[in-house]
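The values are calculated or read from the model by the stated rules, or taken from the named source; none is laboratory data. Quick caveat: nothing in here was measured; it's all calculated off a predicted structure. Note that we place each Cβ from the backbone using ideal geometry, even for glycine, and neighbour counts take in every protein chain shown.
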Number of protein chains: 2
Amino acid sequence: MAATSASGTNAVRYGTMRDNVINLEVVLSDGRILNTAGKDRNFRKTSAGYNLTSLFVGSEGTLGIITKTSLRLYGVPEAMMSAVCAFPSVQAAVDSTVQILQCGIPIARIEFLDDVMVDACNKYNGLSYHTLPTLFLEFHGTESGVREQVQQTEEITQLNGGSDFTWARDQEERSKLWTARHNAWYAALALRPGCRGYATDVCVPISKLPEIVMKTKKDLLESELTGPIAGHVGDGNFHCIMVLNVDDKDEVSRVKAFTDRLARRALALNGTCTGEHGIGLGKRSLLVEEIGEVGIATMKQIKATLDPQNIMNPGKVI
Amino acid sequence: MAATSASGTNAVRYGTMRDNVINLEVVLSDGRILNTAGKDRNFRKTSAGYNLTSLFVGSEGTLGIITKTSLRLYGVPEAMMSAVCAFPSVQAAVDSTVQILQCGIPIARIEFLDDVMVDACNKYNGLSYHTLPTLFLEFHGTESGVREQVQQTEEITQLNGGSDFTWARDQEERSKLWTARHNAWYAALALRPGCRGYATDVCVPISKLPEIVMKTKKDLLESELTGPIAGHVGDGNFHCIMVLNVDDKDEVSRVKAFTDRLARRALALNGTCTGEHGIGLGKRSLLVEEIGEVGIATMKQIKATLDPQNIMNPGKVI
C-alpha cells in the first residue's frame, strides 16, 4: 500500500496513502535503516527538514524496502449508510458525482460502475441491480448529519434523472454491497472464462471527469474490447478492467493501443496516467510524458543517489 | 508558505501546506525549471513516480526556488460560527481539546491562549476576555451541522469546567475575534515595549499535549521569562512567543536554554521540534536529534545531488 501510494473507495473522504502515512521504517540499498520522520515519531504536522516520508510513499521499492509504517487513524463514524443509484446515462452519473463534490457534501465513498461492470457484478455476486450506469454511495457522520447528506445528495441525483436510492442501512447489507464492489476484478474476469485481466487507471481534475469517461466508453465500443469501468470517481479516478484472450495477438495489441490512448487522454486533460496503480514497467514512457524531462532527470538523480548500484527493484518507474 | 511547510489556525480541519500543495514550479540550482507534478497538472491523487512536490514543500529554499504553486481549494461553508471559552486551568482547556478531537468533531479551528496571551490580546485589541486559559473555537458546516458540533463541544467544555461560550455569530464579530488571535505576535511584543520577539513552536501527538503544555508553563514561570503561549492545539502544536531584552545577556541565554528544553521536551514525547516554523539556522542540531543520523545523511545526499554547489539558501536546515 505505502510503496505504491495506493488508495481505494474511502480515499475521497479520508485520503490516500500519501495523506495517511506519517512515518516509515525503510531499509536502504546499503543496509542502513532509515526512519523517515525519526524513530518512533508521530504527530499531525511538522516542518522539520525534507519530507522523506512522502519521498518513499509511492517509490515502488526503487529507493528502499519499507519494513514498518505508521498510519493516521480515524474513528468509526457514529452513523453509516450506503445507497445504490442507477442513471439513464454515463453522463448523468458522472455529472452527479461532480455536483455532489462541488456542493461540498463530505461523502465517504462514491463509486461509479458502468453498465458492463454492473452486469458483471450482478452475475458474479447473485445481485439484481439494473444494468445501467450506477453509483454506489456511502455516507459517514452523525445520525442527523448523514440524514442531511443523503437528502442533499438525492436532490442532486434526481435532478440528473437518477433512480430512487436502494438502501443498505445495516452492517450486513452494507457489507454485501461493498463486497460486490471489491469483487469487481473477479466479476470482470468471469465475463469471459479462460481470459486474463489487465487493469489500468487514470485520474483527472474532477471537472474533466464526464468528458473522459464518455470518450473512453465510446473508445471501448469502437475497439470492440471488454473493459468494464469501475471508478473512484469522487477523486476523478477510474479503472478499466481489460479482459482479454492473451493468445489473440490482435486483441492484445488493441488493448495496448486502447490503454495508451486512455492514458494520453488523461494527460491531455491535465490528469495523471495513474491515480493509484503506479508506473511499474508498463507506464515508464507515459511517466516521461506526464512529468517532463526535468522531472524525470530529478527522479533519476534521486534514484542514483539513494541506490547507486541500482539494486532496489531495478528497471521499475524510471 | 510552501517553502516552509507553513500552516495556521485552519490546519486542524483543512491541513497544512504539505496537504494542500498539488504542484510547484521550481527553479533548480542550475537554472532549469522543474514542474514537480508535470506542467499544468492538477488532480486529487496520483501514483506516478516520486512525490517531488512534497520534497520541495518545506525545503526552505535549500533545494530550489519556488516560483509558482498550485493549491487545493475549499468551498466557503454554508454556516460558520465562532466561540470563546475560558477555563479554570491550562489542563482543563487542553484536556477539552483532546476530547473534542477524539470525539471526531470536525472542528475548523481550535486555538489555545494561556492567561498571559489573553491578557496581552485584551490590552492590544481593547477586548475584555477573562484573563484565564482560553480556547478560541470555530465551527464550519451546514446550519444544522454547526448546531450539532456546537452542542457536542459545549458538553465537553462544560464537563471540564469551561465557561459558557461567548459567541461571534456574524462576519464582523468573527473577524474581530480572529484578528485578535492573528495579532498575537504584536500583542505579545506590546507587553514589554522596547523588547524584541523570538517565536518558537513544537508539535506532539495530541494525547501528549496536556503534559507538555503544563510543563512548559511551569518552566516559563521558573525561568522568569515572558513567553505567552498561543497554540494550534488541535494539531498538538503550540507557540511560545518569547519577549526579551536582547541587551540583557543573561535573559538571552535563559531564553535559549528554555527554547532548547521545550524542543527536547517535545522530542522526548515522540514529537517534532517544529510544527510549522521550520529549521532555519536555529534548530539544525535539534533536527539531527529528531530525525537521526541516517535521516540527516539522506537529506544531505539529496541536497548535494540537487544543489552540488551549495548555492540555494546555503547553511540552512542541514
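Within region B:238-250, is there a residue that is touching a Phe, Trp or Tyr at 6+ places or on another chain (Cβ under 8 Å), within 14 Å of chain A (Cβ to nearest Cβ) and not β-branched (Val, Ile, Thr)?
Yes, the conditions are met somewhere in region B:238-250.
Can you work out which of the residues in region B:221-258 that are more than 27 Å from residue B:8 (Cα to Cα) and hydrophobic (A, V, I, L, M, F, W, C) is surrounded by the fewest Cβ atoms within 10 Å (Cβ to Cβ)?
For region B:221-258, the residue satisfying everything is B:246.
Out of all the residues in region A:148-162, is one or more in contact (Cβ under 8 Å) with a residue 12 or more places away in the chain, part of a loop (DSSP other than H, G, I, E, B), touching a helix residue (DSSP H, G or I) at 6+ places or on another chain (Cβ under 9 Å) and surrounded by fewer than 16 Cβ atoms within 10 Å (Cβ to Cβ)?
Scanning region A:148-162, I find at least one residue that is in contact (Cβ under 8 Å) with a residue 12 or more places away in the chain, part of a loop (DSSP other than H, G, I, E, B), touching a helix residue (DSSP H, G or I) at 6+ places or on another chain (Cβ under 9 Å) and surrounded by fewer than 16 Cβ atoms within 10 Å (Cβ to Cβ), so the answer is yes.
Which of (1) under 21 Å from residue B:201 (Cβ atoms); (2) within 14 Å of chain A (Cβ to nearest Cβ); (3) touching a Lys or Arg at 6+ places or on another chain (Cβ under 8 Å) is the odd one out, the single condition residue B:226 does not satisfy?
(2)
Determine whether region A:170-181 contains at least one residue that is more than 13 Å from chain B (Cβ to nearest Cβ), under 17 Å from residue A:9 (Cα atoms), part of a strand (DSSP E or B) and not β-branched (Val, Ile, Thr).
No: region A:170-181 contains no residue that is more than 13 Å from chain B (Cβ to nearest Cβ), under 17 Å from residue A:9 (Cα atoms), part of a strand (DSSP E or B) and not β-branched (Val, Ile, Thr).
If we keep just the residues of region B:28-73 that are facing chain A (nearest Cβ under 8 Å) and among the aromatic types (Phe, Trp, Tyr), which is surrounded by the fewest Cβ atoms within 10 Å (Cβ to Cβ)?
Ranking the candidates gives B:43 first.
Is there a residue being within 24 Å of the chain's Cα centre (by Cα), without any contact (Cβ under 8 Å) to a residue 24 or more places away in the chain and more than 7 Å from every other protein chain (Cβ to nearest Cβ) anywhere in region B:75-86?
The answer is yes; a qualifying residue exists.
Which one is farthest from residue A:100 (Cα to Cα), of the residues in region A:164-175 that are touching a helix residue (DSSP H, G or I) at 6+ places or on another chain (Cβ under 8 Å) and crowded, with 16+ Cβ neighbours inside 10 Å?
Top of the filtered list is A:168.
Pull out all pairs, ordered by first then second residue, where Cβ-Cβ is under 6 Å, the residues are six or more apart or on different chains, the first lies in region A:128-147 and is in contact (Cβ under 8 Å) with a residue 40 or more places away in the chain and away from every other protein chain (no Cβ under 14 Å), and the second is β-branched (Val, Ile, Thr) and not in a strand (DSSP E or B).
Hits for this filter: A:129/A:118; A:133/A:90; A:134/A:118.
Keeping to region A:124-142, report how many residues are in a helix (DSSP H, G or I) and either hydrophobic (A, V, I, L, M, F, W, C) or at pLDDT 95 or above (or both).
1
Taking interchain pairs and intrachain pairs at least six residues apart, which have beta carbon atoms under 8 angstrom, with the first residue in region B:188-206 and farther than 18 Å from residue A:48 by Cβ and the second assigned to a strand (DSSP E or B) and among the hydroxyl-bearing types (Ser, Thr, Tyr)?
Short answer, once both residue conditions are applied: B:188/B:226; B:191/B:226; B:192/B:226; B:195/B:226.
Inside region A:276-302, can you point out the residues that are in a helix (DSSP H, G or I), more than 7 Å from chain B (Cβ to nearest Cβ) and of a type in the set (Gly, Ala, Ser)?
The answer is A:285, A:297.
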